[in-house]
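Below: one structure, written as structure tokens.
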Amino acid sequence: MSQTGDHSHDAPRRVALLGVPIEIGAGLRGTLMGPAALRTAGIGRVLEQLHYTVEDHGDMTRPQTGGGNDPVPAKANYYTEVKSWVGEISARAYQLAASGAVPLFMGGDHSLSMGSVNGVARYWRSQGKPLFVMWLDAHADYNTPATTLSANMHGMSAAFLCGEPGLDRLLGDELRVSIPPAQLDLFGIRSIDPLEKELVRQRSIAIADMRAIDEFGVGVLIRRVIDRVRAANGVLHLSFDVDFLDPAVAPGVGTTVPGGATYREAHLVMELLHDSGLVRSVDIVELNPFLDERGRTARVAVELLGSLFGMQITDRVTPSNAVLPEG
């Protein structure tokens, strides 16, 4: 690949895959099979065809639920087990980001982002760059133990990474590096709890819900996010929950919500993010092969990740900061 422009000339050409088979943050079992499904659907092969060097670090092993005698929050299911994962994920995320590769965390449920985003944020803070997070999801995931209705911790991950209280010892000895709520974008949201909605409003968090996507289109809304990241000389972490997609496109998730993004809308999101040259780390979460139809959701997810990393059907005139294919 040849590269031009001010944002992509230093874009990493290595992708570090890390499977994070955690499922206890969700209500339904099965997401621990997500990393295997993404590999089977060809994630490594697709990235290699795009001329990336792929470093597959395998799957994290289930951590020991060790000591620590901090009190368990009243409404945080499997808190001790999630805590054992999150601290280790954060440490691995920091190492992978520091290696110069683009870390791609393959989940697993969305509680893994409490660790992945923290570790990546810690690295970028050491580089003097603000980290912005785009949360592609049907759900806001901005609950805390005080607001949650389900007590499932995958619904608390966005709130945790913005420094909300209630899970203060979750990282154990890992340094907590929260991002300001102004650096979080909730995109594709169509399900939000009452107290969670109030908290998001109080924090003035940017939301592009499905009504906004219907009204303005994903192109306008994604460019707004890109412009904001660029104005701050920041980098972007994409946290991609496959339930962002409409269940007709991606049935293999535990918390389906009708009315999600279409196949084409999702590809446009990924293509525009690729053209921006700003994405430096990625989560893909909540893929539940047990609920899928013959691997369909895993294949769609891999196609979308292909678009995020530069796959396109035809050559086109792209902005000067895009990564261009050779020949």
Could you give me the residue pairs with C-beta distances under 8 Å whose first residue belongs to the stretch 293-319 and is modelled with pLDDT of 95 or more and outside any helix (DSSP H, G or I), whose second residue is buried (at least 21 other Cβ atoms within 10 Å of the Cβ) and of a type in the set (S, T, Y) wherever it lies, and which are 6+ apart or on separate chains? none
So for the stretch 40-63 (the condition being more than 30 Å from R296 (Cβ to Cβ) and surrounded by fewer than 17 Cβ atoms within 10 Å (Cβ to Cβ)), does at least one residue qualify? yes
A11 vs. criteria at pLDDT 95 or above and either under 20 Å from the mean Cα position of the chain (by Cα) or of a type in the set (K, R) (or both): no
Quickly run through the stretch 302-312 and pick out the residues that are surrounded by 21 or more Cβ atoms within 10 Å (Cβ to Cβ), touching a Leu at 6+ places or on another chain (Cβ under 7 Å) and among the aliphatic types (A, V, I, L, M). V302, L308
Of the listed residues (T61, T80), the one being outside any helix (DSSP H, G or I) and hydroxyl-bearing (S, T, Y) is T61
In the stretch 283-301, how many residues are surrounded by fewer than 23 Cβ atoms within 10 Å (Cβ to Cβ) and among the hydrophobic types (A, V, I, L, M, F, W, C)? 3
Of all residues in the stretch 227-237, how many are within 23 Å of H139 (Cβ to Cβ) and in a helix (DSSP H, G or I)? 2
Test: V86 is of a type outside the set (D, E), touching a Gly at 6+ places or on another chain (Cβ under 6 Å) and farther than 30 Å from I313 by Cβ: yes
Keeping to the stretch 199-219, report how many residues are within 21 Å of T144 (Cα to Cα), in contact (Cβ under 8 Å) with a residue 24 or more places away in the chain and not in a strand (DSSP E or B). 4
Would you point out which residue out of R223, R264 is free of Cβ contacts under 8 Å to residues at least 12 places away in the same chain and not in a loop (DSSP other than H, G, I, E, B)? R264
Looking only at the stretch 239-250, which residues are hydrophobic (A, V, I, L, M, F, W, C), surrounded by fewer than 24 Cβ atoms within 10 Å (Cβ to Cβ) and either assigned to a strand (DSSP E or B) or free of Cβ contacts under 8 Å to residues at least 40 places away in the same chain (or both)? A248
Residue among L161, L131 that is touching a helix residue (DSSP H, G or I) at 6+ places or on another chain (Cβ under 6 Å) and closer than 26 Å to N69 by Cα: L161
Scanning the stretch 151-206 for residues that are of a type in the set (S, T, Y) and more than 16 Å from the chain's Cα centre (by Cα), which turns out surrounded by the fewest Cβ atoms within 10 Å (Cβ to Cβ)? S204
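The values are calculated or read from the model by the stated rules, or taken from the named source; none is laboratory data. All of these numbers come straight from a predicted model, not from anything done at the bench. Because the Cβ atoms are built from the backbone with ideal geometry, glycine has one as well, and the counts that use them run over all protein chains shown.
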